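The block underneath contains the structure these notes are about, expressed in structure tokens.
A short reminder: the numbers here are calculations on the coordinates, not readings from a lab. What you are looking at is a predicted structure, and each value in this text was computed from that prediction instead of being measured. Cβ: placed from backbone, ideal geometry, glycine included. Neighbour counts: every protein chain shown.
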Amino acid sequence: MQIGANTPAVVTGGASGLGAASARRLAAAGAKVALFDLNAEKGEALAAEIGGLYVPVDVTSEESVDAGLAKARAAHGQERILVNCAGIVIGRKTISRDRETGAIRPHDVAGFAKVIGVNLVGSFHMMAKCSAGMAGLEPVTTDGGRGVIVSTSSVAAEDGQMGQAAYAASKGGIMALTLPVARDLAREGIRVATIMPGLFHTPMFDGLPDDVRAALAASVPFPSRLGDPDEFGALVQHICENDMLNGVSIRLDGAVRLAPK
């Protein structure tokens, strides 16, 4: 599906990091992008930069998603592209010991459920809502293509490290969703793919000491550096434009394999 002038697109987590890079790429290709995010300051600034629309949306809330989609569709029309980048991360082992008392504490269920809720359930929520709208559109490819959904997993889905139980489970779930959802939506002409980024220079890395960032970059076999978010955005654009990419999860990682810790 070629991204034509004013192709409607929605990017969740679009105010920063990989979502912002995806939004910039899509906008540069001609798309009208709605940014779904909870960071109003960054969202409004980026929307102004790319000629898009910022909408405050909590992807775990049906009321919030419905209101956000209504606003985006009123401004740009029914979306043909959805990019799921909204996500959170916590670092917590399945059990941990208190350093002072030695007491053993289990991972709290609420924290685990919150990560699953935002990353996995939120992504599926957007897939279901957006695909329902896309299915009513006229095809725009000779094969009957109507739309594209790109989600964000992580290499942690396969190489989850210590303390990443919740995060890895959520990203593994996104990877596992990809093929069955692609099969569900095949008759509607809606393609579904997932990107599994490795170590990318996103705001999460900005708070790390320089030597830690350098060590992480050196762990990537080639190229031995952190990924540029624009490289993620470039793959999002390519997936949208390559009609044979469907039902697949693609590692974008410079051949890195995460160590246990």
inquiry  = Can you tell me which condition Gly144 does not meet? The list is (1) over 19 Å from Cys85 (Cα atoms); (2) surrounded by 16 or more Cβ atoms within 10 Å (Cβ to Cβ); (3) of a type in the set (Gly, Ala, Ser), and all the others hold.
reply    = (2)
query = When segment 46-70 is examined, which residues are found to be without any contact (Cβ under 8 Å) to a residue 24 or more places away in the chain and either small (Gly, Ala, Ser) or touching a His at 6+ places or on another chain (Cβ under 6 Å) (or both)?
reply = Ala47, Ala48, Ser61, Ser64, Ala67, Ala70
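Residues are listed down the side, and each one gets a yes or a no for (1) over 22 Å from Arg92 (Cα atoms); (2) in contact (Cβ under 8 Å) with a residue 60 or more places away in the chain; (3) basic (Lys, Arg):
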position: Ala176; (1), (2), (3): yes, no, no
position: Ile195; (1), (2), (3): yes, no, no
position: Asp206; (1), (2), (3): no, no, no
position: Asp211; (1), (2), (3): yes, no, no
position: Pro221; (1), (2), (3): yes, no, no
position: Phe232; (1), (2), (3): yes, yes, no
position: Leu245; (1), (2), (3): yes, no, no
position: Val248; (1), (2), (3): yes, yes, no
inquiry  = So Thr60 ticks every box in (1) surrounded by 19 or more Cβ atoms within 10 Å (Cβ to Cβ); (2) under 15 Å from the mean Cα position of the chain (by Cα) but one. Which box is left unticked?
reply    = (1)
query = Scanning for something within 14 Å of the chain's Cα centre (by Cα) and under 19 Å from Asn84 (Cβ atoms), does segment 203-218 turn up at least one residue?
reply = no
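Counting only residues that are part of a helix (DSSP H, G or I) and within 24 Å of Val150 (Cβ to Cβ), how many does segment 213-238 have?
Count: 10.
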request  = Go through segment 88-132 and give me each residue that's basic (Lys, Arg), exposed (fewer than 12 other Cβ atoms within 10 Å of the Cβ) and in contact (Cβ under 8 Å) with a residue 24 or more places away in the chain.
outcome  = none
task = For Val256, state whether it is farther than 18 Å from Thr141 by Cα, β-branched (Val, Ile, Thr) and over 20 Å from the mean Cα position of the chain (by Cα).
result = no
request  = Would you mind finding the one in Arg80, Arg73, Arg25 that is farther than 30 Å from Gly163 by Cα, out of contact with any Pro (no Cβ under 9 Å at 6 or more places or on another chain) and in contact (Cβ under 8 Å) with a residue 60 or more places away in the chain?
outcome  = Arg25
